[in-house]
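Here the structure comes first, spelled out in structure tokens, and everything after it is commentary.
The values are calculated or read from the model by the stated rules, or taken from the named source; none is laboratory data. Given the structure is predicted, the values throughout are model-derived calculations rather than measurements. A quick note on method: Cβ atoms are made from the backbone with ideal geometry, for glycine too, and the neighbour counts reach across all protein chains shown. Accessible surface is based on the protein model in full, side chains and every heavy atom, while ligands, DNA and RNA are left aside. Shrake-Rupley method; radii C 1.70, N 1.55, O 1.52, S 1.80 Å.
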Amino acid sequence: MAAVTASPARSVPAAVGRALRADRAAAAGAVVLVLLIGLALAAGPLTSVTGQDPYTFDTSALDPATGAPAGALGGISGKHWFGVEPLTGRDLFAIVAYGARTSLLIGFAATIVSVVIGTVLGALAGYLGGWTDRAVSWVADVIFGFPYLVFMIGLSAVAPASLPRELLLIVLMGSFGWARIARVVRAQTLSLAARRFVAASRVMGAGPWHVFRHQLLPNLWVPVIVVATLSIPGKIGTEAALSFLGVGIPPPSPSWGRAISGAVDWVATDPMYLVFPGGALFLATLALNLLGDGLRDAFDPKTGARS
Amino acid sequence: MKESTVKRTVSVLAAIGLTVSLAACGANKKDTAAAPSKSAAKQGGTLYILPDAQKQSFDPAKSQGLAITSLALVHRRLTTWDVQEGKPTTVVPDLATDTGRASDGGKTWTFTLKANVKFSDGTPITSADVKHGVERSFAPAFSGGLGYHKTLLEGGPDFRGPFEGKNLSSVETPDPKTIVFRLSRPYGDWPWVASNPAFSPVPKGKGAEANYGENPAASGPYQVAKYQPGVEMRLKRNTHWSKETDKIRGGLPDEVVFQLGQQASVTSKRLIEDNGDDRFAFGASFVSPAQLAQIQGNPGAKSRLVTSKTGAVAYLAINTQRIKDPKVRQAFQYAVDKTTYQVATAGSPALAGDIATTLITQGINGRQQYDLYPAPPVGDPAKAKALLAEAGQAGGLDNLNLVVSTSNNFPEKAQAIQAALARANIKVTIKTLDGEAYTAATTGPNADYDLALSSWQPDFPSPNANLQPLFSSSEIGKGGYNISRYSNPEVDKLITEAQSTVDPNEAGKKWAAIDKLILQDSPVVPLIYTRNSFLRGSKVADFFIADFPAYPNYLKAGISQ
């Protein structure tokens, strides 16, 4: 497999830049992603413009007869840009903005955990071969078929309340998400290991760590980034699913999944309650998928770049 | 946390208290504008009931059912409840000719059976059958039902049911029509206890099989025709039941069909739409806040919504074994915001229920209205902070955990509590557990929580059933519902005293005093007297909720033509 054909250590940012210029969809994904990250980072200042936060109950923003938001479109107003949450009167824009923080933080952090585990194990398997390779491949196969959502629901239910839930989710999703990365890295390493610069390094007496750091890693970044980008939306979705089921991020920390779960009941009376958090989740996963697809098209000659 | 593990006996009283989550169903305010001529239920037709449970059993020993819901369609008891709109609920004779005659200062109770009462196979019901039903409820295999009688009957605590060759000597049947109960102490509410499911007759010697409840010997107007778990429980008429001997049950529909496993939100949607057979149906689960909001904008459905006037007291239990300083606990009384709790419960105070300040619920004989901790409905965080400061906790409280069940919107209600307490610097983490796990966590021996959210509807309309199950020290950690783990020897003594008072008015005064005494120690924060809302189809008539209990009367409901 001659996946990497260019010079061994080409600059990753430059390659990403080239890919984005060449692929409009990927560029749009990147822009949306940057906007969402901006929303997450600036959630505090943005909500303080209207004096809102995602925690304070405000029954005066609700219809006194039903508990649904007062006013049209879920209570959208200059004060509440996305309206308010039914039954609580909490600001929906604040919930979505702070929820972006939760979702993106967990999505990215869990992916980093996966990338570290996947790259190390994949490179070990590919470079050392033998029983290491068999063991890693076997564990990766098991993890592929493992019903980890069910496992996580079970574990979330028994985990002590004192353990920060964010950390638990990051570690769990990270340690169940490395199999795909390990496979890609292993395949890449197998082809790299046969190349002359790696052989030369080895002949000159370099140990496995040196070879990994200086010969393999620079050539693994690109495929790893592609796989990682494509796996972030899945992790954001998993977090939302767990929160939807009530075993994800505990209240009052805002979470898109929990908001969507609450909104399902209200769809007939207050559709906007579903539209905003649902839209945010949709945009985040779509943007990351477009970006990941674009990067893969640009870097993987097998799929044939479209432009 | 250091309670030694106590033997998990079938706890008697624990069982009693069913939490309000038991499905019941609803009744209605009459159709006012929508139906100008009030249509009354007629004889005949098929009534559909839509519970969310997958299974339906009519095993009297295992039941915690109210005297006016499902179980009472099939079984009669010694006594039952007369539940009518606008009138206080009273205990009335059912199989017996009166509500029991006390002797020996309330320690011995004698009942006589009516003539001409028969099982569905035509055999006459005798006192031995009632005795067998009571004894059967002691068998470990049939535990889980209301068990007030289990500790009260002499020898009850050691009795293990009639299937091991022994009988309970404190229940005597001198002749086929007479049954005598000897109690270990005087108990004024025994006529109410005799309306519990375990006082339904089971033919002597029968009922040893685990699935007895799927097709029991019926004494009420209906018997089981067909049962498919997860699908339906179909009841047909019991031709040996006669209206002559039963003034309480209407027995109007020819058939009653429970459509099982109906998700509450789907049930509401079907009933709002009111098509086909759903016109002859009513929901057995509460209507959720989102659907209540939807119904407010739909006059047709709104006229078919039945909301109780009052109901179970919703409360925040404070684990007194962990939060030991009464001053700190009193701070919670001021820190909560009962308005946001009302809105989280049902969207508006009118649908959610009145703000609660007492432990004895509205409509119970003997209740006295008082407010030991006067504060505006939204609470008084400043006062709460001041109390915490006095108790040496000026910085507030950190890291308390609040356990709630996933049912009935409790997680959302818990967030209202969490936000309210945060105003007084009380930081709370919410832990949600599903129904059974929640019950195990709060009623089990190890109390790994600081706060819990719950609600309590008494099992019979006496303050006894409000207070004893929740605050008697015998109800801690053995499956009992004293989830604030409140133990006060003085209160225990007064409870026993009030229980043995036979005259209801005198007993009422004693209970009112106990109510106040308990709340001075602040083991719980009463929040609201929760109203329950139910939906019925347009052809269901005489579907109402009386003052007690906050559930519709299944026995009177029928089909209008």
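The overall shape of region A:12-306, judged from the alpha-carbon gyration tensor, is prolate: a/c is not under 1.5, and a/b is greater than b/c.
Counting pairs of Cα atoms in the protein assembly as shown, how many percent are more than 42 Å apart? It works out to 43 percent of all Cα pairs. The figure for A:ILE37 is an accessible area of roughly 60 square angstrom, using a 1.4 Å probe on the protein chains alone. In the context of the full set of protein chains, residues of the protein assembly as shown present 39 Å² of accessible surface per residue (probe radius 1.4 Å, heavy atoms only). Remark: region B:396-404, residue by residue, has Karplus-estimated 3J(HN,Hα) of x, 10, 10, 6, 7, 10, 10, 9, 9 Hz, where x stands for each Gly or Pro and the curve is 6.51 cos²θ - 1.76 cosθ + 1.60 at θ = phi - 60°.
Overall shape of region B:313-529 was characterised from the C-alpha gyration tensor. The equivalent ellipsoid obtained from it has semi-axes of 26, 19, 18 Å, in decreasing order. Compute the distance from the alpha-carbon center of region B:253-292 to that of region B:458-527, in whole Å. For region B:253-292 versus region B:458-527, the Cα centre distance is 36 Å. The interface between chain B and chain A buries about 1800 Å² of solvent-accessible area in total (1.4 Å probe, ligands and nucleic acids excluded). Each of A:ARG24 and B:ASP254 was given a label point 7 Å from its Cα along the Cα-to-Cβ line. The distance between the two points is 7.0 nm. In the elastic network of chain A, a GNM with C-alpha springs shorter than 10 Å, the most mobile of A:SER201, A:SER243, A:SER261 is A:SER201. Considering protein heavy atoms only and a 1.4 Å probe radius, which residues within region B:411-455 exhibit an accessible-area decrease of no less than 50 Å² in the full assembly relative to the chain by itself? With the partner chains in place, region B:411-455 has these residues losing at least 50 Å²: B:GLN415, B:LYS431. Paramagnetic label reach from B:ARG322 (point 7 Å along Cα→Cβ; backbone nitrogen cut-off under 12 Å): within region A:144-179, residues A:161-162. Surface composition of region B:313-529: carbon plus sulfur atoms contribute 50% of the solvent-accessible area (1.4 Å probe, protein chains only, all chains present). To put it simply, the accessible area of chain A at a 1.4 Å probe is 70 percent carbon and sulfur. List the residues of region A:86-110 for which accessible area in the full set of protein chains is at least 40 Å² lower than for the chain on its own; 1.4 Å probe, protein heavy atoms only. Buried by 40 Å² or more upon assembly, which counts only protein chains, are A:LEU87. Check B:ALA541: other-chain or 5+ apart residues with amide H under 5 Å from its amide H, H built from backbone geometry? Correct list: B:GLY558, B:ILE559, B:SER560. In this rough spin-label picture, where each label sits 7 Å from Cα along the Cβ direction, the A:LEU149-B:LYS509 distance is 6.4 nm. Burial here means at least 40 square angstrom less accessible surface with every protein chain in place than with the chain by itself, probed at 1.4 Å; in region B:284-330 the buried residues are B:ALA290, B:ALA293, B:GLN294. Which Cα, out of B:GLN468, B:THR361, B:THR339, lies furthest along the positive dipole direction of region B:313-529 (beta carbon charges, K/R +1, D/E -1)? Going by the Cα projections, it comes out as B:THR339. Placing R0 at 41 angstrom, the Cβ-Cβ distance between A:VAL12 and A:SER162 gives a FRET efficiency of 0.55 after rounding to 0.05. Compute the relative contact order of chain B as a whole-number percentage, counting only Cα pairs closer than 8 Å that sit 6 or more residues apart in sequence. Averaging sequence separation for qualifying contacts and normalising by length gives 26 percent for chain B. For region A:214-289, the relative contact order works out to 30 percent when only alpha carbon pairs closer than 8 Å and six or more residues apart are counted. Note on B:GLN54 and B:THR239: their simple-model spin labels are 3.7 nm apart, each label 7 Å out from Cα toward Cβ. Its DSSP H runs of at least 4 residues, each contributing -39,500 (n - 2.57), put the calculated 222 nm mean residue ellipticity of chain A at -22000 deg cm²/dmol, to the nearest 500.
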